[in-house]
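As structure tokens, the structure follows; a few thoughts come after it.
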Amino acid sequence: GIMKRNIIKGVTFVAVFFFSLFLIGEVMNQGNTDMTAEMPGAGLPVVSIEFNQNLINTMYGYTDKREEAFMRDSLTPVGSDRRIAFVIDTYGEEIEAVSYEVRSMDGERLIEGGLIETEEAGEDKKRCVIQLKDLIEEGEEYAFVVIINMAYGTNCYYYTRIIQNEDHYEKEKLEFVTWFHTITMARGDGEEIKKYMESNAEGDNTTFHKVNIHSSLRQVMWDELEVERVAEPEIYLKELTSQTGSFLLKYMVQEGRGKQAERYFVEEYYRVRYTPDRMYLLDYERTMDQIFKAEASSINLDKITLGIGSADFTMEESEGGNILSFVNGNRLFVYNTVDNKLAQVFSFYDDDHWDNRTTNRNSLIRILEVEDSGNLMFLVGGYMNRGLHEGKTGIAVYYYNSVVNTIEEQIFIPCGKSEDILQKDLEKMAYLNNNGHVYFQLESSLYDVDLVNKSYEIVVSGIAEDGFRISESGSMIVWQKENEKYASSTLLRMNLNNGRIMEITGRAGDYILPMGFIGEDLIYGLTGRTDVIRDDTGTVLFPVYRVIIQNESGDILKVYQKENCYVTDSVIEENQITLNRVTKTEEGEFVPLPDDQITGSEEVESTTNTIVTAPIDLYKTIVQIRMKTQPDIRSLKVLTPKEVLYEGGRELRLEEMPTAECYYVYGPYGIAAVTAEPAKAIQLAYEISGSVVDGGGNYIWKKGTKFVRNQIMAIEGQKGSEEESSLAVCLDTILQFEGISRKTQGLLDQNEGVATILKNSLREVSVLDLTGCTLDTVLYYLDQDIPVLAMLAEEAMLITGFNEQQIVLMDPETGTLSKRGISDAREMFAETGNRFLTYVRRQEN
């Protein structure tokens, strides 16, 4: 009996053992399949405005509310009937309800809102029509928000700006743009558009990557390249004035057939002017970027061919150069030259996910670290097109494991500002040190995020613009301890790899300014406190008597100091610094000296794999990566990693620090710069035909109609008494014009700055120091009925009017209004440094 029982026991044990093995195996396999997954597809609807038989201003959804002042992607004109119609592409998702809001541009004031009826408009499409009440002021911009409640419980938000205007001819302007675009796509000789082009020697006809109004007609007509559009273009109306309009078209083209077909992203920018006689093309620019195919055909001998596109893209390599990682078309690739593996590590779009939501490129990828093993750390910053955080704006940090071919999110940091501002910040800096800390700058604060503990600290906040510098590798940073650009006596230099901070000062009574880095060596300048000159408008001359190059250990490598020679500006390129210099005359005035150069001691590192361009007949110029070795492509393996799933959340919310007043420059493709200095912002906007907006969404400056003529009739000649300076008379006149009676001489005698006097007297305006702006840019303010204060060497005047030939000056010395030829005036102001001061009235909220 015992024997039999043991056999049964044994059999049972074996059965249980095998069953357990089977179970463990199943669970383990189960584990493997369930622990990784493909990134889920996009799930949010898309909204487009119906305008003149076109769908324009496509809006992508956000799953949280955004700050309206920064949601400036498009402008929707509203006719006198105040009707807005839009179409929702649901992509098959169920919608519970649709509502809308009209708000002031800063988002503070809700003007109207409510639920909207929807009607069916074809498969997976719904149409909505709203009749706005009579509450919006003509010519004012407002934020327009569409809110869609999804059946699965999420709320999605969509943003555009609206403006109601009489006769801005937006229909005619749009018709011209779509006509011009159709001609360029129509394989003809383009004779019809010839008269709108300005083909000349400035045009570059060697590349399709960038084509503009100065290129040849053949180049605009795609020359020999046979391309066809894959779908209708997305049309965005960016800006509108009575005469001009700016439009951006985004579309995809294909060249070649079948397996050989190549696809390209194309963006086309138009700035047009309407006159009753004809249309004018003021600006035209088209960019074209090939979508890289991760396959053997893209690699030939020792080159990876990326095709038509920019040679200015991110490429990083491991220490020996065997692992090569690059970003192209908003996708991240890594090539292991030893194992011959090419992986498409991260992308929102691929062959199975190819609708507008996934190809909408509104984020950037920064490679943080490339390991010799082929593993990567990288971040994706901006708008999340799909996946776990779809519809959010933020920073996601990922780890790519090349052995098991997976990516795993380390942390997600949601951000309140718009994705273009976030990308501008991340372009400046994003650095990972060896202890798993990521450093990045958001506006004027520097954050240190610990990936291991999912925590963060703020290293420094309130950083002064230009008072903060980063080394090329990103591992060294320096900032002014006092955060005063022209009044700091100490620098703090930090090594992000070990967290060590070193203090740097000059002699007692010196101010100090960081100028930049050569390699990891810091360059800074010293000036005597008493030498810093601030004029009445607040313009600063910061004459540096000594330039120092110092290494990380604190050893001084070079000193540049010459008798009666001061450095006022510097440009660093690779291993050389160019210094702009002045000298002081006996009268105490500064006059320019010729530039001088210093060479740094650090050789700038070069990579073993290099980016090159090559001429190829049909395609003109293409971009390639030349590798240090020639791989055997017959054994090439192409990988697409899966994403590791994890329990719990890895979201880290940062406290947003208060920021100083900033000016946002918008150009053809969205945000072009963010700066604390209005003059810098306006001069840049003038050059790129853009606009400048403050943090509340108010226009500070706008390239619009050609300023033809205007005079502020309310301002007449004013002569001061003996005791009054011309500056006091000008200030009194401005205040009087704004309805305030005040004598300012006493305040000036107490050394109060002009800007301060105006700020304290006029509560409803933003005062702008426009020193350095040309006369032509400041005519914008006269066009808006705002006088401009101009400071000459000995006296101040007010500009109160202009036409195409002359400007009108109110001169306190004579107490009269006088005319001055515009080119003479340009010269006169330029000689004294174009010192202008003016203001804008803030929108009533």
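The values are calculated or read from the model by the stated rules, or taken from the named source; none is laboratory data. Values in this document were obtained by computation on a predicted structure and should not be read as measured data. Methodologically, a virtual Cβ is constructed for each residue, glycine included, from the backbone with ideal geometry; neighbour enumeration extends over all protein chains shown. Note: accessible area is taken over every heavy atom of the protein model, side chains too, but ligands, DNA and RNA are not part of it. Shrake-Rupley method; radii C 1.70, N 1.55, O 1.52, S 1.80 Å.
Residue by residue through the stretch 744-784, note down the ones that are of a type outside the set (A, V, I, L, M, F, W, C), part of a loop (DSSP other than H, G, I, E, B) and closer than 24 Å to Ile688 by Cα. Answer for the stretch 744-784, where residues must be of a type outside the set (A, V, I, L, M, F, W, C), part of a loop (DSSP other than H, G, I, E, B) and closer than 24 Å to Ile688 by Cα: Thr771, Gly772, Thr774, Gln784. Determine whether Gly436 is over 30 Å from Thr675 (Cβ atoms) and either among the hydroxyl-bearing types (Ser, Thr, Tyr) or open to solvent by less than 30 Å² (accessible area, probe 1.4 Å) (or both). Yes, satisfied.
Select from the stretch 628-649 the residues that are open to solvent by 90 Å² or more (accessible area, probe 1.4 Å) and of a type in the set (S, T, N, Q) and write down the one among them that is farthest from the chain's Cα centre (by Cα). Looking at residues that are open to solvent by 90 Å² or more (accessible area, probe 1.4 Å) and of a type in the set (S, T, N, Q), I get Gln630.
Does any residue of the stretch 74-84 turn out to be closer than 21 Å to Tyr669 by Cβ and out of contact with any strand residue (DSSP E or B) (no Cβ under 9 Å at 6 or more places or on another chain)? Looking for residues that are closer than 21 Å to Tyr669 by Cβ and out of contact with any strand residue (DSSP E or B) (no Cβ under 9 Å at 6 or more places or on another chain), one finds none in the stretch 74-84, hence no. Checking each residue in the stretch 725-737 for being free of Cβ contacts under 8 Å to residues at least 24 places away in the same chain and either assigned to a loop (DSSP other than H, G, I, E, B) or open to solvent by 60 Å² or more (accessible area, probe 1.4 Å) (or both) picks out only Gln736. The C-beta contact set for the stretch 376-392 (first residue closer than 22 Å to Ser325 by Cα and free of Cβ contacts under 8 Å to residues at least 40 places away in the same chain, second residue open to solvent by less than 10 Å² (accessible area, probe 1.4 Å) and assigned to a loop (DSSP other than H, G, I, E, B), distance under 7 angstrom, 6+ apart or interchain) comprises Met384/Gly391. Would you be able to say whether some residue in the stretch 530-539 is in a strand (DSSP E or B) and either modelled with pLDDT of 95 or more or open to solvent by less than 50 Å² (accessible area, probe 1.4 Å) (or both)? No; the residues of the stretch 530-539 include none that is in a strand (DSSP E or B) and either modelled with pLDDT of 95 or more or open to solvent by less than 50 Å² (accessible area, probe 1.4 Å) (or both).
Results for (1) touching a Gly at 6+ places or on another chain (Cβ under 8 Å); (2) within 19 Å of Leu758 (Cβ to Cβ); (3) open to solvent by less than 30 Å² (accessible area, probe 1.4 Å); (4) assigned to a strand (DSSP E or B), shown as yes or no for each residue.
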site: Met797; (1), (2), (3), (4): no, yes, yes, yes
site: Gly801; (1), (2), (3), (4): no, no, yes, yes
site: Leu809; (1), (2), (3), (4): no, no, yes, yes
site: Glu813; (1), (2), (3), (4): no, no, no, no
site: Arg820; (1), (2), (3), (4): no, no, no, yes
site: Arg826; (1), (2), (3), (4): no, no, no, no
site: Phe829; (1), (2), (3), (4): no, no, yes, no
site: Gly833; (1), (2), (3), (4): yes, no, no, no
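Selection within the stretch 124-169: residues that are assigned to a strand (DSSP E or B) and among the basic types (Lys, Arg). The member of this set that is farthest from Ala42 (Cα to Cα) is Arg161. When every residue of the stretch 221-229 is checked against the conditions, at least one turns out to be on the phi > 0 side of the Ramachandran plot and open to solvent by less than 10 Å² (accessible area, probe 1.4 Å). Looking at the stretch 565-601 only, could you name the residues that are open to solvent by 60 Å² or more (accessible area, probe 1.4 Å) and not in a strand (DSSP E or B)? Listed by number, the residues that qualify are Glu574, Glu586, Glu587, Glu589, Ser601. In the stretch 524-542 there is no residue matching the filter, namely being in contact with a strand residue (DSSP E or B) (Cβ under 8 Å, 6 or more places away or on another chain), among the hydrophobic types (A, V, I, L, M, F, W, C) and closer than 14 Å to Met476 by Cα. Looking across the stretch 540-564, the residues that are in a strand (DSSP E or B) and open to solvent by 30 Å² or more (accessible area, probe 1.4 Å) come down to Val540, Leu541, Arg546, Ile556, Leu557, Lys558, Val559.
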